[in-house]
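The values are calculated or read from the model by the stated rules, or taken from the named source; none is laboratory data. All of these numbers come straight from a predicted model, not from anything done at the bench. We place every Cβ from the backbone using ideal geometry, glycine too, and count neighbours over all the protein chains shown. Only protein heavy atoms, including side chains, enter the accessible area calculation; ligands, DNA and RNA are left aside. Shrake-Rupley method; radii C 1.70, N 1.55, O 1.52, S 1.80 Å.
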Amino acid sequence: MSIVSAISGFFGGEGGIVGTIADTVKAYFPPSMSDAEKSVLTAQIQKAEFEQERAIMKLAVEADKDVTRRAAQLEGTAKDLKGIPIVGPLIIFVRGCLRPAFGVLTLFTDWQIFCGSWKVIMTTTDGSYTAEGALILALNILVLGFLFGERTVKNLMPLFTQFMQARGFTINKRQDKD
């Protein structure tokens, strides 16, 4: 639902377009207006702002649903696969096993590397990644991103970087030589 939150942030709230217009109108109230008239006009502005934001949110939700429907039409669904005898349920089972299998295999790979059972050279002497090092790092980011979400990976990357540096690995120190 990131498209919904992006549209909401752009149009709604205090920093959005609608809030800015409402604040501008409030700044130009005539000085002769009574406090009661100002509060009535402010309430009408807020109501119009709320209705506009609601309409925009409704359009954003519909757009998000359209994208989901379009993907289901192009790629098919699990319900479509159930109609294929023998192969359909097998594909559904294998597709359901992929994420846990990749998670377990990545955990096993990391365990072997960090325990020293597998000798993998992550970086060269000049600080750039070897092919194996780049592959291990990319594998971990992809699998952990799918398993735990992008936010978790972003939050843990500084800790991971410190851990790798403590182990003697150089992270993002690639420099171009003249």
Size descriptor, Kirkwood hydrodynamic radius, that averages inverse alpha-carbon separations across the stretch 25-84, Å: 15.5
Accessible area in the full protein assembly, largest first, 1.4 Å probe, for Thr161, Thr124: Thr124, Thr161
Heavy-atom accessible area per residue - the stretch 125-164, 1.4 Å, Å²: 70
Rounded accessible area of Ile141 (nearest 10 Å², 1.4 Å probe): 70
Residue-span extension gain [Leu142 to Lys47] - 0.36 nm each, minus C-alpha spacing: 29.7 nm
Distance cut-off 18 Å, percentage of C-alpha pairs in the stretch 111-163 lying past it: 39
Sulfur and carbon atoms: percent of accessible area, the stretch 37-178 [1.4 Å]: 63
Area accessible to solvent at Arg54, 1.4 Å probe radius, in Å²: 140
Computed label-point distance, nm, for sites Asp80 and Thr130 using a 7 Å Cα→Cβ extension: 4.4
Normalised per residue, the volume of the convex hull around the Cα set of the stretch 72-163 (Å³): 144
Per residue accessible area in Å² of the stretch 39-93, where ligands, DNA and RNA are left out and the probe is 1.4 Å: 80
